[in-house]
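Undergrad: One structure follows; several queries about it will come next.
The values are calculated or read from the model by the stated rules, or taken from the named source; none is laboratory data. This structure is a prediction, so every number in the text was calculated from the model and none was measured. As a convention, Cβ positions derive from the backbone with ideal geometry for all residues, glycine included, and neighbour counts pool all protein chains shown. Just the protein is used for accessible areas: all its heavy atoms, side chains included, with ligands, DNA and RNA removed. Shrake-Rupley method; radii C 1.70, N 1.55, O 1.52, S 1.80 Å.
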Amino acid sequence: MRLTTKGRFAVTAMIDLALRETHGPVTLAGISQRQKISLSYLEQLFGKLRRFNIVDSTRGPGGGYTLARKSEEISVADIIVAVDEPLDATQCGGKGNCHSDEENHGRCMTHDLWTALNVRMVEFLQSVSLQKLVDDQLAKGLLVEEKPMHKRAISSAPVVKPIRVNAPNSVFALGNAFGKS
């Protein structure tokens, strides 16, 4: 099995979300910043996770993502399958047509080995809940910051308004202003 960055990033982002959702919806921008994952990549992943009813989204100010189910009910396998990550160690995609010769009935000599590995991988990933991964992080001493106050789009810096000057704004206007005196 080749677990690509898609699956790794999805699991990592889901752990981050589960750690912080008690304070309300978690923004993808926050996850992106903390986990160093591209925001546009997270948007793609969370779109798929939402379609699989793993996360819910809230729009607007204070919006973001929350878990659609309890973290104990979400397995690592659920997350990986939701983001289209193949859980298959065979070269034929589990179809059994590794070879096209009739002597081996289309299967390579190790097909059954890789098929058995697929079964074990899926069983293992189904047995690991998102809550277990969260608990593991907390047991390692991960400190989850309190949710920062909602920042509005209004800056705390004073707004400097331009000084309005009633003067000509071009050489032509300047010439006209002096020409009409």
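Undergrad: Can you tell me which residues in the range 24-40 are polar (S, T, N, Q) and without any contact (Cβ under 8 Å) to a residue 12 or more places away in the chain?
TA: Initial filter on the range 24-40 (polar (S, T, N, Q)): 27, 32-33, 35, 38, 40.
Once the filter is applied, which keeps residues that are polar (S, T, N, Q) and without any contact (Cβ under 8 Å) to a residue 12 or more places away in the chain, the range 24-40 yields S32, Q33, S38, S40.
Undergrad: Which one is modelled with the highest pLDDT, of the residues in the range 133-164 that are open to solvent by 100 Å² or more (accessible area, probe 1.4 Å) and farther than 30 Å from G60 by Cβ? Lay out the reasoning, then the answer.
TA: So in the range 133-164, the residues open to solvent by 100 Å² or more (accessible area, probe 1.4 Å) come out as 140, 143, 146, 149-154, 156, 158-164.
Applying the additional criterion that residues be farther than 30 Å from G60 by Cβ yields 140, 162-164.
On the way: K140: 92, P162: 67, I163: 67, R164: 65.
Here the answer is K140.
Condition check ((1) open to solvent by less than 10 Å² (accessible area, probe 1.4 Å); (2) touching an Asp or Glu at 6+ places or on another chain (Cβ under 9 Å); (3) modelled with pLDDT under 95) across all residues:
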| site | (1), (2), (3) |
| --- | --- |
| A10 | yes, yes, no |
| M14 | yes, no, no |
| F46 | yes, no, no |
| V55 | yes, no, no |
| P61 | no, no, yes |
| L87 | no, no, yes |
